[in-house]
1. Among the residues of segment 150-177, which ones are free of Cβ contacts under 8 Å to residues at least 40 places away in the same chain and either open to solvent by 40 Å² or more (accessible area, probe 1.4 Å) or acidic (Asp, Glu) (or both)?
2. Would you point out which residue out of Phe143, Phe124, Phe112, Phe99 is without any contact (Cβ under 8 Å) to a residue 12 or more places away in the chain, aromatic (Phe, Trp, Tyr) and either touching a helix residue (DSSP H, G or I) at 6+ places or on another chain (Cβ under 6 Å) or open to solvent by 40 Å² or more (accessible area, probe 1.4 Å) (or both)?
3. Can you find even one residue in segment 175-182 that is over 30 Å from Leu84 (Cβ atoms) and of a type in the set (D, E, K, R)?
4. Suppose we keep only residues that are within 25 Å of the chain's Cα centre (by Cα) and of a type in the set (D, E, K, R) within segment 186-227. Which one would you say is nearest to Phe143 (Cα to Cα)?
5. Consider Thr342 carefully, then state whether it is within 26 Å of Leu32 (Cβ to Cβ), among the polar types (S, T, N, Q) and at pLDDT 90 or above.
6. Every residue in segment 350-360 that is open to solvent by 10 Å² or more (accessible area, probe 1.4 Å) and in a helix (DSSP H, G or I), please.
7. Considering only residues of segment 207-224 that are surrounded by 15 or more Cβ atoms within 10 Å (Cβ to Cβ) and outside any loop (DSSP other than H, G, I, E, B), which is modelled with the highest pLDDT?
8. Which one of Ile347, Ile379, Ile330, Ile363 is surrounded by fewer than 19 Cβ atoms within 10 Å (Cβ to Cβ) and in contact with a Leu (Cβ under 8 Å, 6 or more places away or on another chain)?
Amino acid sequence: MKAKRSLINLAFGLISQGLIIALGILIPRLLLVNFGSEVNGLLSSIGQIIIYMSLLEAGVGAASLQALYKHVAGSSKENINSILSATSSYYKKTGIYYFICIILLSVIYPLFIDSSIDKMTIMFVILVTGMGGAINFYFQGTFKVFLVAEGKSYIDTSITTLINIVISGLKIIFILKGYNIIAIQTTHFVLMIVQIIIYQIYIKRNYKWLDLKVKPNFDAISQKKSVMVHQISYLIFNNTDVLILTIFTNLKVVSVYVLYNMLFSVLDKVISTVNSSVTFALGQTFHEGKEKFISLYNAYEVCFMSFVFSLFTVAYIFILPFMELYTSGIKDINYIDFWIPTLFVIIKLLVNARATSNNVINIAGHFKKTQNRAILECIINLVFSITLVQFLGIYGVLIGTIAALLYRSIDIVLYANKKILERNAWMTLRRWLTNIVLFSLIVAAAKTVNIYPTSYVTTIMSAILVLAISAVIFVVVNALLDREVYHYTKDIIVKLVQKQKRKKTIST
């Protein structure tokens, strides 16, 4: 059942991400052409600040998820309801606080930003962009947490994808027809309400036993404050760069950063989809026995790292050719820079290569025990980024993020292996080093071939070919070095295939 749900989550996730990616790449291009780099930078800057407001959630989601895994695995409806009741109580408060913060931001932000854009326009853009988040927390945050713990994140994915496609389609139409930026951003708010209605209908039809009015079990999510420390750390290394660039440079520089980040974030979303599709299985297995969990975890780590390094190998090879095509005709600032994608790839590999170990810490609930390490990561990032941006501009904030990640990524791997898995961390570090060497060799080989496509079609076709070759290399080499993982994964696949064959035989 877990393997099947993981595959369903993965399939729905990848299909949805493919559609969202295509639309997500097109819209910034249309914004740049029709409104210029300043508007693109403004929307990105506002978006990043609004992301920080998710801290108002105060770690409730992750703490609730960790508490739910055990009870979902044991099908304890009474305990599930008491945890969700506590979660709902916190999320409703969060929705109210979020609403107040959006109002304050819409008034304060226009007073401090250096922009030729009308201040009233900026204010209304903030309002219509941010209100959806307040509604999301108040009405549907609890149900999202529950579906993830159940292993049904594909439901959330399907609903979100449908809404995103409609939102993106309307934005494209509005941009092409010459509507102003306020009307374009309003589409998100209106359709967020539609999303809530769909969610409510699904939950009432499929989970009639859910009752958020029972006595809340606040003790079950008592680690939420420690979780929040980790969320602050994540938000800082993932979103501080845009805020620092907004303060110390200008919106055109922000636009350059955002465009590169957008392209790499496309891969982040795909990777996150793959990661989240199996996290529930890890979370439930953790409570079923250590030996069983470690076997599953090893397979997950090897496969996940092979996947991550394959994607970023291709991204690094093709990012500049794609960027030249994407920004053709944009003359207000230069978008082509060799060092920016190099620094971005280092960041993304450090973030994603540690994801497997970080999942172990989250599943085990070691939030409080590791919060001081997360605080140190924040300090390193802020000190380095704010200092270096004065001398190196956009490079400075990227180097600051790398400095923090180097410390924290290694620390996470060491902690997860020694304190939770109770084994030598060399196994994970060796997998890191193996994939780094393969990454370097493939990139070097690509340079000798001089791959430089000149159109979107040839870029996509070339990227697919290189991805296929890279994936085979990563999978084969990692399988040879981890024979036990290879046999374990093979057995799971064989069992799934045999199970499906039996079902077909019975049905016929």
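1. Selection gives Asp156, Leu162, Val166, Leu170, Ile173, Phe174, Lys177.
2. So the residue among Phe143, Phe124, Phe112, Phe99 that is without any contact (Cβ under 8 Å) to a residue 12 or more places away in the chain, aromatic (Phe, Trp, Tyr) and either touching a helix residue (DSSP H, G or I) at 6+ places or on another chain (Cβ under 6 Å) or open to solvent by 40 Å² or more (accessible area, probe 1.4 Å) (or both) is Phe112.
3. Yes, segment 175-182 has at least one match.
4. Lys224
5. It is true that Thr342 is within 26 Å of Leu32 (Cβ to Cβ), among the polar types (S, T, N, Q) and at pLDDT 90 or above.
6. Scanning segment 350-360 gives Leu350, Val351, Asn352, Ala355, Asn358, Asn359.
7. Only one residue fits best here, namely Phe218.
8. Result: Ile330 is the single residue among Ile347, Ile379, Ile330, Ile363 that is surrounded by fewer than 19 Cβ atoms within 10 Å (Cβ to Cβ) and in contact with a Leu (Cβ under 8 Å, 6 or more places away or on another chain).
The values are calculated or read from the model by the stated rules, or taken from the named source; none is laboratory data. These numbers come from a predicted model, not from an experiment. Backbone-built Cβ (ideal geometry, glycine too); neighbour counts: all protein chains shown. Please note that ligands, DNA and RNA were not included when accessible areas were found on the heavy atoms of the full protein model with its side chains. Shrake-Rupley method; radii C 1.70, N 1.55, O 1.52, S 1.80 Å.
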